Number of protein chains: 2
Amino acid sequence: MLPVAVDAMGGDRAPGEIVAGAARAADELGVPVVLVGRPDAVGDPGGLELVAASEVIGMAEDPARSVRTKKDSSLVRAAELVRDGRASAMVSAGNTGATVASALLRMGRISGVARPAVATPIPVPGSHPTVLLDAGAMAECQPSWLVQFAQMGSVYSTVRYGIERPRVGLLSIGEEPSKGTAFVKETYDLLAAAPAIDFIGNVEGRDIMTTAVDVVVTDGFTGNVVLKTLEGALRTLVSSIGAVLVSPEAGEAGAHVLGLLAPLAAAMDPDTTGGAMLLGVDGVCIISHGSSSSAAIVNAVSVARDMVEKDLVGALAVAVAAR
Amino acid sequence: MLPVAVDAMGGDRAPGEIVAGAARAADELGVPVVLVGRPDAVGDPGGLELVAASEVIGMAEDPARSVRTKKDSSLVRAAELVRDGRASAMVSAGNTGATVASALLRMGRISGVARPAVATPIPVPGSHPTVLLDAGAMAECQPSWLVQFAQMGSVYSTVRYGIERPRVGLLSIGEEPSKGTAFVKETYDLLAAAPAIDFIGNVEGRDIMTTAVDVVVTDGFTGNVVLKTLEGALRTLVSSIGAVLVSPEAGEAGAHVLGLLAPLAAAMDPDTTGGAMLLGVDGVCIISHGSSSSAAIVNAVSVARDMVEKDLVGALAVAVAAR
């Protein structure tokens, strides 16, 4: 397969952890990887090919403006490698908005797709993740876009997690169709009439981390708020519980329990999920968490490889065209 | 003081747990309590006065319609007791929307308040809770309402938690003023220009359960989604961690750690926070969690007593009038 392009400059721990992860992915998974970034910053590329890009888009830069002005940035160049058939997929842990903009502007959209959406896997203990989208590509959406999000999210749940007929829920503030904003009610009616998806009606925030639903659709503002609320809650609880477990009162019992909780903690860690996927652009684009470690990059490259091999983009195109 | 009116029929565990909690509150706190409900359902009122109401508004009933048609419901009668000066406050664990509608229609609004808001305390380990509002009174809001939410939430944080100058954050999807929807950006500008609040700018979902902010304002749709997302995440984690701690592998170490984690679990339990407060109506109205136990009702009555004694409603009226 064509190599996976990894943005060496994107992420809080770039380039060190990113380059290390890319090298490990090539080594451990046997997936061809090409790095994109500033040669002076990357240093030793660990045996990988390095495509030079002289600019870097910072984590806090305005997405649209930075992509427009920084044409030789690692993000834009990575997207161009996919567009030009020199890479099969791109992975970045950098500025999410700029990643969306780079992919959208350079790869373009799948024919018929109104807007792309960030699909983020939300871990569900003991089961496959719930796919939440849009988790932040488009802060303001139109109801018809959410129908496509539902179609694309369903395809993704099938291709990535093997769910045959994913149950799609619309995020609202009550199960009844009468609950929510005018936007949500209009979207409800469109989803109820949409073919080729298994729409189960409104779901609430408390359903996301359960087995009650496989795909949750919402606008990018609400989805991003939900995602970051979950992150914050997990971080607060993990640190509070961790403090108790390592306290003198807990002693050896704490150490024993800490070991037993490790698999659960790993399952909840965004580093293990392989990152979010930008659905609707004409190529595989993986958006890793900003704090990605090398392990996160290994997982992201692994998911990228799977999605390329299973032709996710082709399946999305068929689903959207079939409407 | 005038008695606190407790809706005996509201909540998943009504009337049993509610009546038991009301009796305990009167007994343990010395707060006068009056029950409102169907005498045949309540049975022995545990020595408390019972105001008879022949109807019950169910948890899933349409709020506006049920309040309009069920004039002799326990919820509507409880609000009327406050309006008529026969009770100092009302507490209900029933249908949230119907509680909001009952309080709004019977007590009326504080002069100058455009819309009321549900203010929910979000626990922060080791610190005072963050006040989140609106957590569901108004699914669709106007930017100017959020300025009042900020003023009222600040007063509430001061009166209830003793925070001298609460820091107010606007919930968005990035710290920069340019982030978010058109609604959020317009609200940002109004908040930045508003007097008498300490506006610290946008905050994200991950800040809510931290000490970075004291009051988080948002529209009622987003606030309710956040609240239920947090509830779901906590429930999932508590049950996953609990399963590990009581497993054979954990053994006695699990039991030891379970005991050490009890204070944290209690701090995270909505039963201990005393419930949400409807701010902006002309009376104290406490909205307890639907699953409230008797302990939750004791806490709710305790908070109601405090807010009456500290004249929260008077302080809110002054703050809103001072704009």
note = Residue by residue through the stretch A:135-143, the couplings from Karplus 6.51 cos²θ - 1.76 cosθ + 1.60 with θ = phi - 60°, in Hz, x for Gly and Pro, are 9, x, 6, 10, 4, 10, 10, 9, x
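Can you give me the % of accessible surface on the protein assembly as shown that is carbon or sulfur? Probe 1.4 Å, all protein chains present, nothing else counted.
52
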note = The whole-number value in µm²/s of the Stokes-Einstein translational diffusion coefficient for chain B, with Rh from the Kirkwood sum over alpha carbon pairs at 4 °C and 1.567 mPa s, is 65
key: Cα-Cα P(r), the stretch B:182-248, percent of pairs per 10 Å interval   = 16, 37, 25, 13, 7, 2
remark   = Sorted largest first, the Cα spans of the stretch B:249-293 on the principal axes come out in Å as 54, 16, 12
key: Residues listed by number, the stretch B:106-127, amide nitrogen under 16 Å from residue B:68 label point at 7 Å toward C-beta   = B:106
inquiry  = What do you get for GluC sites (Glu not before Pro) in the stretch A:183-271 restricted to DSSP loop and a cutoff of at most 16 other Cβ within 10 Å of the site's Cβ?
reply    = A:249
inquiry  = So, taking all protein chains as they sit and a 1.4 Å probe, how much accessible area belongs to residue B:289, in Å² rounded to tens?
reply    = 50
task = Give the interface area between chains B and A as buried accessible surface, both sides summed, probe 1.4 Å, in Å² to the nearest 100.
result = 4200
task = Run the numbers on the stretch B:110-159: which residues show a drop of 10 Å² or more in accessible area, chain on its own versus all protein chains together, using a 1.4 Å probe over heavy atoms?
result = B:125, B:139, B:140
key: Equivalent-ellipsoid semi-axes of the protein assembly as shown, from the Cα gyration tensor, Å, largest first   = 47, 26, 23
query = Given the stretch B:134-229 reduced to its alpha-carbon atoms as identical point scatterers, what log10 I(q)/I(0) does the Debye formula return at q = 0.15 Å⁻¹?
reply = -0.51
request  = Name the long-range amide H neighbours of residue B:89: under 5 Å, sequence gap of 5 or more, or other chain; modelled H, no Pro or chain starts.
outcome  = B:5
message = For the stretch B:242-323, place one equal point scatterer on every Cα, skip the solvent, and apply the Debye formula. What is log10 of I(q)/I(0) at q = 0.11, 0.17, 0.24 Å⁻¹?
response = -0.47, -0.76, -1.05
message = If you count only protein heavy atoms with a 1.4 Å probe, what accessible area per residue comes out for the protein assembly as shown, rounded to a whole Å²?
response = 36
request  = Calculate the spin-label point distance for residue B:318 paired with residue B:246, positioning each point 7 Å from the Cα along the beta-carbon direction, and give it in nanometres.
outcome  = 5.0
query = What residues have an amide H closer than 5 Å to that of residue A:51, excluding those fewer than 5 places away on the same chain, when H is modeled at 1.01 Å from N in the peptide plane?
reply = A:35, A:36, A:37
query = When DSSP assigns beta bridges and you keep just the ones with both residues in chain B, what percent turn out antiparallel, to the nearest 5?
reply = 25
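If R₀ is 51 angstrom, what is the calculated FRET efficiency for the pair residue B:29 and residue A:267, using the beta carbon separation as r and rounding to 0.05? If you can, show how the numbers build up before the last one.
On the way: r = 43 Å, r/R0 = 0.85.
Working from the Cβ atoms, E equals 0.75.
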remark   = Simple SL model, points at 7 angstrom along Cα→Cβ for residue B:109 and residue A:210; separation in nm is 3.5
inquiry  = Spelling out what I want: for every residue of the stretch A:211-221, take phi, set θ = phi - 60°, compute 6.51 cos²θ - 1.76 cosθ + 1.60 (Karplus), and round to whole Hz; glycine and proline get x.
reply    = 8, 6, 8, 9, 10, 10, 9, 6, 6, x, 5
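So what's the stretch B:57-166 giving for Cα Rg divided by 2.2 N^0.38 Å, two decimals? Can you show the working numbers first?
Details: Rg = 15.1 Å, N = 110, 2.2 N^0.38 = 13.1 Å.
In units of the globular-protein estimate, the stretch B:57-166 measures up at 1.15.
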key: Cα-based Rg and Dmax for the stretch A:1-130, where Dmax is the largest Cα-Cα distance (Å)   = 14.9, 45
message = Through the Karplus equation 6.51 cos²θ - 1.76 cosθ + 1.60, θ set to phi - 60°, convert the phi angles of the stretch A:287-294 into ³J(HN,Hα) values in whole Hz; use x for Gly and Pro.
response = 9, 7, 4, x, 8, 3, 8, 4
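Nearest 5 percent is fine: what portion of the DSSP beta bridges confined to the protein assembly as shown is antiparallel?
If we restrict to bridges inside the protein assembly as shown, about 25 percent are antiparallel.
In nm², what is the average projected area of the convex hull enclosing the Cα atoms of the stretch A:73-128?
Taking a quarter of the hull surface, the average projection is 5.2 nm².
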query = Averaged over A:217-230, how many beta carbons belonging to a partner chain fall within 10 Å of each residue's beta carbon?
reply = 6
key: Cβ-Cβ FRET estimate between residue A:175 and residue A:41, R0 fixed at 56 Å, reported to 0.05   = 0.65
Set of lysines near residue A:185 by C-alpha distance (under 20 Å), chain-local residues within fewer than 8 positions excluded = B:228
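The values are calculated or read from the model by the stated rules, or taken from the named source; none is laboratory data. Values in this document were obtained by computation on a predicted structure and should not be read as measured data. All Cβ positions, even for glycine, are placed from backbone atoms using ideal geometry, and neighbour counts span all protein chains on display. The area values use the complete protein model at the heavy-atom level, side chains included, leaving out ligands, DNA and RNA. Shrake-Rupley method; radii C 1.70, N 1.55, O 1.52, S 1.80 Å.
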